[in-house]
Amino acid sequence: MKQIKIFSLIISLSIIASITNAQSFKVPPYEKFKLPNGLTIYLMEQHDVPVINVSAVLPAGAIYDGDKAGLASLTATALKHGTKNYSKTKLDEELDFIGASVNTYASKESSGLSAKFASKDKEEVLAIIKDLLMEPTFDESEFDKEKQRLLVSLEQQKERPGSVIGSYFDKLLFGEHVYGNIIQGKISTVNPLTTTDLKNFYKENYRPDGSAISIVGDFSTKEMKGILTTLFSGWKKGTKAQSNLASKPINKPTENNVLLVNKEDAKETTFYIGAPGVSRNNTDYVAIEVVNTLFGGRFTSMLNDELRVNSGLTYGAGSRFNALKNGGSFLISTFTANKTTEPAIDKALEVLKKLHSNGIDEQSLTSAKNYVKGQFPPRYETSGQLASLMTQMFWYNFDESFINNFEKNVDGLNLDKAKEIIAKYFPKDKLQFVLIGKSAEIKKIAEKYGKVTEVQIKEEAKKGF
């Protein structure tokens, strides 16, 4: 009994410490400036360890792929296939020798670069980063190998429903809007891509105007400002204004729809249930996060309790808001055995209905608020996380008040406001379902929830799925 009391005391003190950290956490001082070519730069000194982290964000995401799905992703990867001053082999050897890591990637809306290296190597690594962003050569032989690896990966993903269901869901929810674009692409769109496509995409979308670089770590701001100004001032602005394709209106669903993806050998049904969500800079974002934590955002959530703990229908269920710059999605996700597909979907819908009809109580809200506050500081503990935070602030157009007032905004959520959040942002109808499973066993079940469109996971349907 004494040991239990001691353990409980330790847990209680840990929770109190986490909340205290959330209350005291503020964005550390930083400097922000813009070069004449439009590149925004953030500098934050952190002298705890002799390390520097870099984060860059560029307006070159999959929303600009057009009918060449996968182009943004392959372009980002191919930045590291060689530059004007470094072959791929030399680039890899240089970074490996000094123990530096540099990664490039593309997301739905943007492309990015992240790097970590010793502060003593800053001039060498920053020169490499400048080459990657400004002078890639898109080596043809390296691209061919990368494309073949991607094609194999795309084929293999069809055996893992969890790897592809997100793309199916985005296409169902967003339709022809660019948020429906598939980041990794499809076999039919990746196959024809050439280095010419990459060069054209790079020329149109990799530009300093609309981009940002953040540097966090052990350096002198004055010195770093001079280094970056010298390196990046020669980066030429885009020749014409870039269209914000994602700002175009999204056609919201007018009824329930079901996309049934047939996987003949499936013994489980993987499913999403969702609806339109919110943009990242929504003024209610913090309140939405707290309520969703209670609904489906943690292990002890309403969804997981009902679908896993109480009914044993799945090993885990959750919900999340995927927030982008101009919109987003909300979804419930889980998987279950073929024979329990219907009760699992019904249970998920029942929990959503209860959220609207019963709301939440004071004790549950307090628990969710404490959980969110406790999870908050660890998101921004490292230099890499702080570097990413600043490029997120730039991209999603929010400032440090989101961080500095986070604890205050969480505590400001009361039951009345939570009720408004549920009614406004958590869907009640016009739900969109994606089910990946054996059609012969679940199609009749799928028809219960809305108009069904069926596609084959082994094929690429003409409708774009």
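The values are calculated or read from the model by the stated rules, or taken from the named source; none is laboratory data. The structure presented is a predicted model; accordingly, all values stated were derived computationally and were not measured. Virtual Cβ from ideal backbone geometry, glycine too; neighbours counted across all protein chains shown. Protein only, heavy atoms only, side chains kept; ligands, DNA and RNA dropped before computing areas. Shrake-Rupley method; radii C 1.70, N 1.55, O 1.52, S 1.80 Å.
At a glance:
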quantity	calculated
Three-way shape label, the stretch 110-230, alpha-carbon gyration tensor, a/c 1.5	prolate
Charged-residue dipole, Cβ positions (Lys, Arg, Asp, Glu), the chain about Cα centre, Debye nearest 20	800 debye
Rg to Rh quotient for the chain, alpha carbon positions, Kirkwood Rh	0.99
Farthest toward positive dipole pole in the chain [+1 Lys/Arg, -1 Asp/Glu at C-beta], among GLY312, ALA62, ALA106	GLY312
FRET efficiency, 1/(1 + (r/R0)^6) with R0 51 Å, evaluated for GLU454 and LYS32 via beta carbons	0.50
Axial C-alpha extent at least 27 Å, average Kyte-Doolittle at least -0.5 - helices from the chain (DSSP)	2-24
Enclosed volume per residue, in Å³, of the convex hull spanned by Cα atoms of the stretch 233-334	215 Å³
Relative contact order for the chain, counting Cα pairs under 8 Å that sit 6 or more residues apart, in percent	23 percent
Gain on full stretching of the segment that runs from GLU135 to LYS84 - 0.36 nm per residue minus C-alpha separation	17.8 nm
Heavy-atom accessible area per residue - the chain, 1.4 Å, Å²	47 Å²
Efficiency of FRET from Cβ geometry, ASN338 and ALA118, R₀ 60 Å, rounded to 0.05	0.70
Protein accessible area in the chain, 1.4 Å probe - carbon and sulfur %	50 percent
Sequence-separation-based contact order of the stretch 14-144, relative, with Cα cut under 8 Å and 6+ spacing, percent	27 percent
Fully extended contour minus Cα-Cα distance, from SER357 to GLU155, at 0.36 nm per residue	68.4 nm
Whichever lysines have a C-alpha closer than 17 Å to that of LYS68, once near sequence neighbours (fewer than 8 apart) are set aside	LYS108, LYS147, LYS171, LYS186, LYS199, LYS203, LYS462, LYS463
Taking the stretch 174-250 and dividing mean pair separation by its residue count, relative contact order in percent (alpha carbons under 8 Å, at least six apart)	57 percent
Residue-span extension gain [SER279 to LYS424] - 0.36 nm each, minus C-alpha spacing	50.8 nm
Mean projected area (nm²) of the alpha-carbon convex hull when the stretch 392-465 is viewed from all directions	9.2 nm²
